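Step one of this worksheet: look at the structure below.
The values are calculated or read from the model by the stated rules, or taken from the named source; none is laboratory data. Quick caveat: nothing in here was measured; it's all calculated off a predicted structure. Positions of Cβ are backbone-derived with ideal geometry, glycine not excepted, and every protein chain shown enters the neighbour counts. Ligands, DNA and RNA are excluded from the accessible area calculation, which covers all protein heavy atoms including side chains. Shrake-Rupley method; radii C 1.70, N 1.55, O 1.52, S 1.80 Å.
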Amino acid sequence: MSYKIEKNHPPVNSTDKELDYFSLNKRVFKELRSKGTLLNIMLEFACKCTYKNGLVGIHSEITKYSLAKDLGIDKNNLNKYLKQLEEMGFIKVFNVNPFILQVLEVPQAPHFSDIKSVLLSALVEPQLYNFHRNLKRKAAFFQAFKKYDDQIKQERMKRAEVKIKTEEPDKDNPFNDSFYSQNEQSNDTQGKEPLNEQPIQKPPLEHTLDELNQELGYSQ
């Protein structure tokens with residue numbers, strides 16, 4: 001029996017089309033199946049979030065009004081539901097207008113401490129947000145958070161400095177090759193007088209041939 005592998009499916013997060021599936025941990029269903037509204041909100045977020053990091057409000061701008069309308073609930077009650085989900089550890093809200101939040105129950109979702117860490121991630125790894133293709137949405141997204149520009153630049157410079165420091169070899173680390181070469185060189189010269197090396201003077205080629213002929217008993 002042979003199997004044919006279809007290669008026509010686009011890679012995750014590399015197309016402008018939304019995926020036809022979503023992924024959530026089983027905890028969402030187990031704890032929210034008796035709470036219809038909260039479960040519906042989580043399912044709505046799962047359909048709107050980025051696949052690899054569970055962020056809502058990235059692919060398109062979301063407001064409290066549009067979210068309440070899509071869910072079919074009163075917008076005045078939306079804050080109450082969001083607070084419940086956040087207290088239960090299902091979501092983390094980073095910004096309200098526009099809405100930027102993370103679905104924490106997306107498998108293997110990374111940890112973001114605040115909105116600045118989200119912005120920095122989107123700037124450094126745009127392919128995870130489809131920003132390398134959807135340039136119009138990228139511009140609109142960063143424009144909405146323009147007030148954080150200076151802070152993001154400073155944080156990016158700090159990370160670059162840390163990266164440079166970690167890439168520099170530690171001469172005192174015995175696991176580095178430079179440690180052994182440096183110590184071997186110091187051991188070889190320890191207790192010895194420094195050599196006054198002189199360049200080797202090679203005799204001219206003709207003089208060498210004359211001496212060889214004399215030794216062999218030949219004469220020119």
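What the table below lists for this structure:
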item: Every pair of residues 6+ apart whose Cβ atoms lie under 7 Å, when the first sits in the stretch 140-158 and is open to solvent by less than 50 Å² (accessible area, probe 1.4 Å) while the second is charged (D, E, K, R) and part of a helix (DSSP H, G or I); result: TYR148/LYS116; ILE152/LYS116
item: Residues (loosely packed, with under 15 Cβ neighbours inside 10 Å and either touching a residue at least 12 places away in the same chain (Cβ under 8 Å) or among the aliphatic types (A, V, I, L, M) (or both)) located in the stretch 62-78; result: THR63, ASP70
item: Matching residues in the stretch 120-149 - criterion: being of a type in the set (S, T, N, Q) and either more than 19 Å from GLN102 (Cα to Cα) or more than 20 Å from the chain's Cα centre (by Cα) (or both); result: ASN134, GLN143
item: Candidate set: the stretch 84-136, residues that are open to solvent by 30 Å² or more (accessible area, probe 1.4 Å) and among the charged types (D, E, K, R); chosen: the one farthest from ASP150 (Cα to Cα); result: GLU87
